[in-house]
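Take a look at the structure set out below.
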Amino acid sequence: MVQITFVQPDGNRTTIDAAIGDSVMQTALANGVDGIFAECGGAMMCATCHCYVDEAWAGRTGKREDGEEDMLECAASEMRETSRLSCQLKVSQDIDGLVVHLPEEQA
Ligand code: FES
């Protein structure tokens, strides 16, 4: 198991044991984490799974997928350098301890 911490806009933190191979989005949905809607189910067509990778993890979660940036530009909350679609972040041992921040709005 790999631990991922979700931080709400109000600073509330939830740490989840995530299964390797799932996406960060799937981990959030399966554990009732508020703030991830994932309307398209992970098809990279909605941007309602937007998250901000914690600065300490910047550069350690890989590059954005092709087309991911275009979707992020449509996200309800501002796109930042650390913005990712959580459906495109795969859980692996390499990201054990990952912290992601959730945006104010997803839709
Ligand atoms: S779930 Fe729709 S883009 Fe990630």
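Just so you know, all these numbers are worked out from the coordinates, no wet-lab data involved. Keep in mind the model is a prediction, meaning the values are calculated, not measured. Methodologically, a virtual Cβ is constructed for each residue, glycine included, from the backbone with ideal geometry; neighbour enumeration extends over all protein chains shown.
Where does the chain land at 222 nm, in deg cm²/dmol rounded to the nearest 500, when only DSSP H runs of n ≥ 4 count, each adding -39500 (n - 2.57), divided by all residues?
My calculation for the chain gives -2500 deg cm²/dmol from helical runs alone.
Find how much the distance from Ala58 to Gln8 grows on full extension, using 0.36 nm per residue of separation minus their present alpha carbon separation; answer in nm with one decimal.
Between Ala58 and Gln8, full extension yields 16.2 nm more.
Please order Met1, Met45, Met25 by the number of other Cβ within 10 Å, starting at the fewest.
Least to most surrounded, the residues fall as Met1, Met45, Met25.
Fewest to most neighbouring Cβ within 10 Å: what's the order for Leu98, Leu72?
Taking fewest neighbouring Cβ atoms as first place, the list is Leu72, Leu98.
Could you derive backbone 3J(HN,Hα) for segment 30-37 from the dihedral phi with the Karplus parameters 6.51, -1.76 and 1.60 (θ = phi - 60°), listing whole Hz in sequence and x where the residue is Gly or Pro?
With the stated coefficients, segment 30-37 comes to 5, 10, x, 6, 5, x, 10, 9 Hz.
Given H placed on each backbone N at 1.01 Å, which residues far from Val2 in sequence or on other chains put an amide H within less than 5 Å of it?
Close amide H contacts, sequence-distant or interchain: Ala18, Ile20.
Find out how many positive minus negative residues lie around Met1, taking Lys and Arg as positive, Asp and Glu as negative, among other residues whose Cβ is under 9 Å from that of Met1.
-2
What is the Rg over Rh value, at two decimals, for the chain, using alpha-carbon atoms and the Kirkwood definition of Rh?
Computed over Cα atoms, the ratio is 0.91.
Multiply the residue separation of Asp70 and Met45 by 0.36 nm, subtract the distance between their alpha-carbon atoms, and state the gained length in nm to one decimal.
Full-extension gain reported as 8.0 nm.
So which GluC sites (Glu not before Pro) in segment 23-107 pass both tests, a DSSP loop state and at most 13 other Cβ atoms within 10 Å of the Cβ?
Glu39, Glu73, Glu78, Glu81, Glu104, Glu105
Please rank Ser86, Ser92, Ser23, fewest neighbouring Cβ atoms within 10 Å first, as an exposure proxy.
The most exposed by this proxy come first: Ser92, Ser23, Ser86.
Can you list residues whose amide H is under 5 Å from Ala38's amide H, if they're 5+ apart or on another chain and H is modeled 1.01 Å from N?
Result for Ala38 returns Thr48, Cys49.
Work out from phi, with θ = phi - 60° and the Karplus expression 6.51 cos²θ - 1.76 cosθ + 1.60, the ³J(HN,Hα) of each residue of segment 9-15, listed in order in whole Hz, and give x for Gly and Pro.
With the stated coefficients, segment 9-15 comes to x, 8, x, 5, 10, 10, 9 Hz.
To check you understand DSSP bridge types, tell me what percent of the beta bridges within the chain (both residues inside) are antiparallel, rounded to 5.
75 percent
Nothing charged except the Cβ atoms of Lys and Arg (+1) and of Asp and Glu (-1): what's the magnitude of the dipole of segment 2-101 about its Cα centre? Round to the nearest 20 debye.
180 debye
Go through segment 1-70 and name the trypsin sites (Lys or Arg not before Pro) that are in a DSSP coil and have 10 or fewer other Cβ atoms within 10 Å of their Cβ.
Sites meeting the loop and neighbour criteria: Lys63.
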